[in-house]
2 protein chains.
Amino acid sequence: MLKDIKFNKDGLVPAIAQDADTGEVLMLAYMNAESLKRTLESGQAWFYSRSRQELWHKGATSGNFINVSEVWKDCDSDTILIKGKATGPVCHTGNKTCFFQELTEADLEG
Amino acid sequence: MLKDIKFNKDGLVPAIAQDADTGEVLMLAYMNAESLKRTLESGQAWFYSRSRQELWHKGATSGNFINVSEVWKDCDSDTILIKGKATGPVCHTGNKTCFFQELTEADLEG
C-alpha cells in the first residue's frame with residue numbers, strides 16, 4: 001500500500017501530526033518515502049526537512065519526540081495523518097502546538 | 001497579518017480542516033490568497049482545486065459545506081488550520097473524513 005502514496009514532484013507528502021488523546025493538531029511537516037518508512041518501523045515521527053534537505057528525526061535535537069500510535073493516509077493518498085503523543089512542546093517556539101496564531105477577518109485589512 | 005502568509009511558488013498553502021467539536025481531522029486541501037480571504041469573510045471553507053485549477057467553494061457541488069468557526073496559521077505561516085462543522089460527509093468517497101485508510105508496518109512489504 002505504501003507504493004500507492006503519491007509523493008509530489010519533490011518526493012514529499014504533507015504529514016499532519018495530531019495529539020492522539022486531545023485531538024489537537026500539533027504541526028504539519030513533510031515526509032519522503034524514507035521518513036514514512038522509519039515512522040512506521042520505529043513508532044516515532046520522522047519527517048524530511050525542506051530547509052535542511054535532510055531526513056529529520058523529530059526530537060533528535062530538541063528532545064521532543066512524537067511517539068506515534070497511528071498512521072493514516074487520505075482518500076487520494078497524497079496526505080499523511082499521524083496520531084501520537086509528543087514528549088514535549090512540538091513547536092520550535094516552545095508552544096505545545098505550531099498553531100497558536102488565530103486569523104480573523106480583521107487580518108484582511110492593512 | 002494575511003500578507004505574512006507564505007504561499008508556495010504555486011501561490012498555495014496547505015489547509016487542514018478539523019471538526020470543531022470532535023477534533024477529527026477531516027481533510028487537507030490547498031488555499032490561495034483569494035480562498036483564504038473568502039473563508040475569513042464568508043465563514044465557509046474555500047479552497048483552490050489544483051486539478052481543476054480554480055477556486056473551490058467546498059460543498060458547492062456536493063452540498064457538504066464546512067461552516068468555519070476558527071482559522072489559525074502555524075508558526076512559520078505556511079500552513080492553515082480551519083476548525084468548523086461540515087454539513088455532510090467531507091470526502092468525495094462519502095466518508096465523514098478523508099483519512100479512513102490506516103497504514104501499518106505491514107504496508108512496507110510487497
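The values are calculated or read from the model by the stated rules, or taken from the named source; none is laboratory data. Note that this is a predicted model, so its numbers are computed, not measured. FYI the Cβ positions are ideal-geometry reconstructions off the backbone, even for glycines, and counts take in every protein chain you see. Calculation scope for accessible area: heavy atoms of the full protein, side chains included, ligands and nucleic acids excluded. Shrake-Rupley method; radii C 1.70, N 1.55, O 1.52, S 1.80 Å.
Of all residue pairs spaced 6 or more apart or on separate chains, those with beta-carbon atoms under 6 Å, a first member in the range B:35-53 that is of a type in the set (Lys, Arg) and a second member that is assigned to a strand (DSSP E or B) and surrounded by 22 or more Cβ atoms within 10 Å (Cβ to Cβ) are B:38/B:46.
When the range A:35-61 is limited to residues that are open to solvent by less than 30 Å² (accessible area, probe 1.4 Å) and either of a type outside the set (Ser, Thr, Tyr) or touching a Gly at 6+ places or on another chain (Cβ under 7 Å) (or both), the one that is nearest to the other protein chains (Cβ to nearest Cβ) turns out to be A:40.
What residue, of B:32, B:64, is more than 22 Å from residue A:23 (Cβ to Cβ) and open to solvent by less than 50 Å² (accessible area, probe 1.4 Å)? Walk me through how you get there before you give the answer.
Numbers: B:64 fails: more than 22 Å from residue A:23 (Cβ to Cβ).
Criteria check complete, one pass: B:32.
State yes or no: is residue B:93 open to solvent by 50 Å² or more (accessible area, probe 1.4 Å), in contact with a helix residue (DSSP H, G or I) (Cβ under 8 Å, 6 or more places away or on another chain) and facing another protein chain (nearest Cβ under 10 Å)?
no
Residue by residue through the range A:96-110, note down the ones that are open to solvent by less than 60 Å² (accessible area, probe 1.4 Å) and either farther than 23 Å from residue B:68 by Cα or at pLDDT 95 or above (or both). So that I can check it myself, show each step before the final result.
From the range A:96-110, those open to solvent by less than 60 Å² (accessible area, probe 1.4 Å) are A:97-99, A:101, A:103, A:107-108; that's our starting set.
The answer is A:97, A:98, A:99, A:101, A:103.
State the number of residues belonging to the range A:22-34 that are facing chain B (nearest Cβ under 9 Å) and of a type outside the set (A, V, I, L, M). Total meeting the criteria: 3. Here residue A:84 meets each of (1) within 14 Å of the chain's Cα centre (by Cα); (2) under 21 Å from residue A:10 (Cα atoms); (3) within 14 Å of chain B (Cβ to nearest Cβ) with one exception, condition (2).
Taking (1) touching a residue at least 60 places away in the same chain (Cβ under 8 Å); (2) more than 8 Å from chain A (Cβ to nearest Cβ); (3) not in a strand (DSSP E or B) in turn, residue B:98 satisfies each apart from (2).
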